[in-house]
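Engineer: This is the structure, below, for whatever I ask next.
The values are calculated or read from the model by the stated rules, or taken from the named source; none is laboratory data. It should be emphasised that the depicted structure is a prediction, and the values quoted were computed from it without experimental measurement. For neighbour counting, all protein chains shown are included, and Cβ atoms are generated from backbone atoms with ideal geometry for every residue, glycine included.
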Amino acid sequence: MAGEPEEARQRLSSLSGSTRRMLDHVAVIEGGARYALLRHLGRLPEPDMIQDLREAVEAGLLAAVPGQPNTYDFTDESVRAIVLAEIGEQRLPKLRARAEAALRSAEEPRGV
């Protein structure tokens, strides 16, 4: 899809609102987003999260990251760039902060 921003925009515009919100979260997480983190950030029931992932994968926008179980990332960095641009300067820092806090929380050791 590289070099074809209009095609990427068309694919993005055909997605449900819930799937677009999920892609916003994926866009701010470098190196791929784990399923559990996306579900936490999206605050969605599991069937809805699975549907959103399926929709993004079938649209050719997300794919499983090889060697990282239950982790998804954009199939092309140009799609990430479009999503980041559409998030906007006001909302982007809030999404990044929320994702970073969730990542830190997931990495903290649990009580023994």
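Engineer: Restricting the search to the stretch 7-33, which residues are surrounded by fewer than 13 Cβ atoms within 10 Å (Cβ to Cβ) and either of a type in the set (Ser, Thr, Tyr) or not in a helix (DSSP H, G or I) (or both)?
Structural biologist: Across the stretch 7-33, the qualifying residues are Ser13, Ser14, Glu30, Gly31.
Engineer: Check off (1) surrounded by fewer than 12 Cβ atoms within 10 Å (Cβ to Cβ); (2) touching a Ser or Thr at 6+ places or on another chain (Cβ under 7 Å); (3) not aliphatic (A, V, I, L, M) for Gln90 and give me the number that stays unchecked.
Structural biologist: (2)
Engineer: In the stretch 61-83, what count of residues is obtained for those that are of a type in the set (A, V, I, L, M, F, W, C) and within 10 Å of Gly32 (Cα to Cα)? Can you show your working first?
Structural biologist: First, the residues of the stretch 61-83 that are of a type in the set (A, V, I, L, M, F, W, C): 61-65, 74, 79, 81-83.
Next, only the ones that are within 10 Å of Gly32 (Cα to Cα) stay: 62-65, 74.
Final tally of qualifying residues: 5.
Engineer: Now a separate question. Of these, Ala56, Ala63, which one is touching a strand residue (DSSP E or B) at 6+ places or on another chain (Cβ under 8 Å), in a strand (DSSP E or B) and surrounded by 14 or more Cβ atoms within 10 Å (Cβ to Cβ)?
Structural biologist: Ala63
Engineer: Does any residue of the stretch 41-51 turn out to be at pLDDT 95 or above and touching a Phe, Trp or Tyr at 6+ places or on another chain (Cβ under 7 Å)?
Structural biologist: Scanning the stretch 41-51 turns up no residue that is at pLDDT 95 or above and touching a Phe, Trp or Tyr at 6+ places or on another chain (Cβ under 7 Å).
Engineer: Could you run through the stretch 39-65 and say how many residues are among the hydrophobic types (A, V, I, L, M, F, W, C), touching a helix residue (DSSP H, G or I) at 6+ places or on another chain (Cβ under 6 Å) and within 24 Å of Arg104 (Cα to Cα)?
Structural biologist: 3
Engineer: Here is a further query. In the stretch 66-87, which residues are basic (Lys, Arg) and either surrounded by fewer than 14 Cβ atoms within 10 Å (Cβ to Cβ) or touching a Leu at 6+ places or on another chain (Cβ under 8 Å) (or both)?
Structural biologist: Listed by number, the list is empty, since nothing qualifies.
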